[in-house]
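Visitor: Here you go, one structure.
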Amino acid sequence: MWHDEVLAEIYKYREEYAKSFNYNLHAMVKDLEKKQAASGRQIISTPIKPTRQENKSLVET
């Protein structure tokens, strides 16, 4: 079976990180947001693209 060492390391880190928060997604997001704010890097957000259904309804109106 094929084994990628880089992916295995990423999966291991991800599992350890999730386990450290008892797999609580809200706690993980809060921690990542805190780390992001502390990094001092500029945060650039892109607008959400409308879905196909939204595009279709915009054309029909």
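Visitor: So which pairs qualify, if the first residue must be in the stretch 25-41 and within 16 Å of Tyr13 (Cα to Cα) and free of Cβ contacts under 8 Å to residues at least 60 places away in the same chain, the second must be surrounded by 10 or more Cβ atoms within 10 Å (Cβ to Cβ) and of a type in the set (A, V, I, L, M), the Cβ gap must be under 8 Å, and the two must be at least 6 apart or on different chains?
Guide: Pairs found: Met28/Ala18.
Visitor: Right, something else. For the chain, which fully contained helices (runs of 4 or more DSSP H) count at least 2 residues that are at pLDDT below 90 and not β-branched (Val, Ile, Thr)? Walk me through it before giving the result.
Guide: Working: elements: 5-20, 25-39, 52-60.
Where helices (runs of 4 or more DSSP H) fall fully within the chain and carry at least 2 residues being at pLDDT below 90 and not β-branched (Val, Ile, Thr), they are 52-60.
The values are calculated or read from the model by the stated rules, or taken from the named source; none is laboratory data. Please read all numbers here as calculations on a predicted model, not as lab measurements. Note: ideal-geometry Cβ built from the backbone for every residue, glycine included; neighbour counts use all protein chains shown.
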